[in-house]
Amino acid sequence: MGRSTRITYRLPCAVIVISGTMRRTLDKDRDPRKTIGDMRPEMVSKTVLVRHQADDGSGQTVTIKGGWFLQYTSSFSFQEDGRLTQASSETTGAGTELISAGATLAGTALAAARVTFGPDDERTAAKQRKDVYKREYEDVADERTALAGEQTRLRRKLRDLETKLIDNPGDSAVLRPQLQALRETQRLLDERIAVLDAHYAAWLAGRVTTVDDQFELVVKLADLPATAEEADKKFEGSALSDTSPGGAPASLGELWTRYGLAVLARWERPREASDRTVTPDPCDLVTREAEPVTISVVEHVSGQLVVTSRSRHLVADARSPLRVYRLERSWFGRRSLALSFSENGYLSGVDAEGAASLGEAAKALAGAPAAVASGVDSFTKVQGGLTSARQAGLAAEVSRVKSQVELHQQEILAAGVNVTAGDAARLERLKQLKEILDAQAAIKDVDPALVTAAKDAAGADLAWYSAPEQKPAAE
């Protein structure tokens, strides 16, 4: 009975991850009738990166067939999320490539716009704050007012004393000690005022409430626009056109129309308009081919489009090209296929090796008389008998081809500069045939092919070859 093994895996898929911090700020003195929920959030930081992960909708299976007449040596290695990877590579999970990180310009600009008041408004807000502070901390406020008056008088005295010292340098012995005493008084006064100002600053901080919210958008590459103009059309609005309070962005459209930030993708090759699909054979291994793309982060600041980051990446998604590789083996041939993958799960190398299919041996076996087949105990004995019968002929042909290669090499050396391109080509073809026959002779467990089978497998490349005529034996 035959046996088979089913391997389940997932195709790689790159996505864009946009995360950041949204901050709501409520100043009780500027907005006394509002709550923190009424304030428009501002983006104070953001991070944009490419994340390579397994495609949730790309479950694939491949069947490795086994049985009496089939032999396989298969090795599969996976990432934690099901992506294929090199057997010798280190498993790293979902890889990421940073595109942009830091404080967002759009959020900074919005924050600056909200805290900027005209002179009259600012004076009114400052007076309101001081009146409230004085009611809550009357003694501290009175002391600060008194010290401010003393500070003004002290500065006037210092200015007058410095003027006298300049005008009457001969009185420096009297004036310098007075000047030093006033400066020490000024130092002590400044230290006390700094303590009171710190108390006022701490009180002001308590008047302002801030709430931070974190957000993260995981976006398909196919959903990214290529230009800012395309973003306006795709998201049905220009940058910063939505002024509603709202909350953290829940989509690319909100990120663009409310906060003026967009991630653009410019592909270097034409792309399909829909997802690529394939119906593979059970023995087929399906891979995705990575494609180059340039990712840009743009932000609007004061009505100007600013590119804050641009980088190039190799990525794949549901619209990337698919490659299908057959994992199979014929009864009388040898084929090996090794696929290597990058740590992100993208196909990075294909190593294929094979020998002739030994068609003649298969034909001979299939046409064996029934009496012969019934006279042995098993197919293995039939195969072994045919192998033994033909091994001598193969060895003789290998020896004959080797002799022709050596003879032709000597003829080319003797011809020197008169050698022709046809002579060189024939030598290379003889070397190729020799390598094929050597490979067949090395196969011990499978029936080797004769020269005619090698010709059929190689096609026109070896159609030119025929065994040299044998000289008649001397009488």
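The values are calculated or read from the model by the stated rules, or taken from the named source; none is laboratory data. This structure is a prediction, so every number in the text was calculated from the model and none was measured. Virtual Cβ from ideal backbone geometry, glycine too; neighbours counted across all protein chains shown. For accessibility, only protein heavy atoms count, side chains too; no ligands or nucleic acids. Shrake-Rupley method; radii C 1.70, N 1.55, O 1.52, S 1.80 Å.
Filtered by the rule that a residue be assigned to a loop (DSSP other than H, G, I, E, B) and either closer than 13 Å to Pro249 by Cβ or in contact with a strand residue (DSSP E or B) (Cβ under 8 Å, 6 or more places away or on another chain) (or both), region 18-37 gives Lys28, Lys34, Thr35. When every residue of region 207-227 is checked against the conditions, none turns out to be part of a loop (DSSP other than H, G, I, E, B), over 16 Å from Val298 (Cα atoms) and not small (Gly, Ala, Ser). Checking each residue in region 46-59 for being open to solvent by less than 10 Å² (accessible area, probe 1.4 Å) and β-branched (Val, Ile, Thr) picks out Val48, Val50.
Being within 25 Å of the chain's Cα centre (by Cα) and not in a strand (DSSP E or B) is a property that holds for Leu255. Each residue in region 185-211 was checked for being open to solvent by 80 Å² or more (accessible area, probe 1.4 Å) and either touching a Pro at 6+ places or on another chain (Cβ under 9 Å) or among the acidic types (Asp, Glu) (or both), and 1 pass.
Cβ-Cβ distances below 9 Å connect the following pairs, each with a first residue in region 193-207 that is more than 17 Å from Arg30 (Cα to Cα) and touching a residue at least 40 places away in the same chain (Cβ under 8 Å), a second residue that is of a type in the set (S, T, N, Q) and open to solvent by less than 50 Å² (accessible area, probe 1.4 Å), and a separation of six or more residues or different chains: Ile193/Gln151.
What number of residues within region 140-178 satisfy the criterion of being open to solvent by 90 Å² or more (accessible area, probe 1.4 Å) and within 22 Å of Val195 (Cβ to Cβ)? Residues flagged as open to solvent by 90 Å² or more (accessible area, probe 1.4 Å) and within 22 Å of Val195 (Cβ to Cβ) within region 140-178 amount to 3. Here Ile99 meets each of (1) exposed (fewer than 15 other Cβ atoms within 10 Å of the Cβ); (2) hydrophobic (A, V, I, L, M, F, W, C); (3) modelled with pLDDT of 60 or more with one exception, condition (1). Can you tell me which residue is surrounded by the most Cβ atoms within 10 Å (Cβ to Cβ) among those in region 102-139 that are among the basic types (Lys, Arg) and at pLDDT 60 or above? The qualifying residue surrounded by the most Cβ atoms within 10 Å (Cβ to Cβ) is Arg129. Scanning region 280-310 for residues that are open to solvent by 30 Å² or more (accessible area, probe 1.4 Å) and either part of a strand (DSSP E or B) or small (Gly, Ala, Ser) (or both) yields a total of 11. Checked against the criterion of being of a type outside the set (A, V, I, L, M, F, W, C), modelled with pLDDT of 95 or more and not in a loop (DSSP other than H, G, I, E, B), the candidates Glu230, Glu191, Glu184 yield just one match: Glu230.
Residue-wise test of (1) surrounded by fewer than 19 Cβ atoms within 10 Å (Cβ to Cβ); (2) in contact with a Pro (Cβ under 8 Å, 6 or more places away or on another chain); (3) among the aromatic types (Phe, Trp, Tyr); (4) at pLDDT below 70.
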residue	(1), (2), (3), (4)
Ser4	yes, no, no, yes
Ile16	no, no, no, no
Thr25	no, no, no, no
Thr61	yes, yes, no, no
Ser75	yes, no, no, yes
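Quick one: which residue in Leu179, Leu240 is of a type outside the set (Lys, Arg) and in a helix (DSSP H, G or I)?
Numbers: Leu240 fails: in a helix (DSSP H, G or I).
The unique qualifying residue is Leu179.
In this structure, does Ala239 turn out to be buried (at least 20 other Cβ atoms within 10 Å of the Cβ) and modelled with pLDDT under 95? Talk me through it step by step, then tell me what you get.
Working: buried (at least 20 other Cβ atoms within 10 Å of the Cβ): yes; modelled with pLDDT under 95: yes.
Yes, satisfied.
Among the residues of region 27-45, count how many are open to solvent by less than 30 Å² (accessible area, probe 1.4 Å) and closer than 18 Å to Glu216 by Cα. Counting residues in region 27-45 that are open to solvent by less than 30 Å² (accessible area, probe 1.4 Å) and closer than 18 Å to Glu216 by Cα gives 3.
Examine region 276-294 for a residue that is acidic (Asp, Glu), in contact with a Ser or Thr (Cβ under 8 Å, 6 or more places away or on another chain) and farther than 19 Å from Lys234 by Cα, and state whether such a residue exists. Working first, answer last.
Of all residues in region 276-294, those acidic (Asp, Glu) come to 281, 284, 289, 291.
Then drop every residue that is not in contact with a Ser or Thr (Cβ under 8 Å, 6 or more places away or on another chain), which leaves 289, 291.
When the remaining residues are screened for being farther than 19 Å from Lys234 by Cα, the result is 289, 291.
Checked against the condition, which is being acidic (Asp, Glu), in contact with a Ser or Thr (Cβ under 8 Å, 6 or more places away or on another chain) and farther than 19 Å from Lys234 by Cα, region 276-294 yields at least one hit.
Checking each residue in region 315-348 for being surrounded by fewer than 17 Cβ atoms within 10 Å (Cβ to Cβ), modelled with pLDDT of 90 or more and assigned to a strand (DSSP E or B) picks out only Leu322.
Checking the structure you have, find out if any residue of region 353-362 is at pLDDT below 60, part of a strand (DSSP E or B) and of a type in the set (Asp, Glu). Working first, answer last.
Within region 353-362, the subset at pLDDT below 60 is 353-362.
Checking the rest, the ones that are also part of a strand (DSSP E or B) come to 353-354.
So of that shortlist, the ones also of a type in the set (Asp, Glu) come out as 353.
Yes; the residues of region 353-362 include at least one that is at pLDDT below 60, part of a strand (DSSP E or B) and of a type in the set (Asp, Glu).
Filtering region 253-279 to residues that are buried (at least 22 other Cβ atoms within 10 Å of the Cβ), aliphatic (A, V, I, L, M) and either over 21 Å from Thr227 (Cα atoms) or in contact (Cβ under 8 Å) with a residue 40 or more places away in the chain (or both) leaves Leu255, Leu261, Val263.
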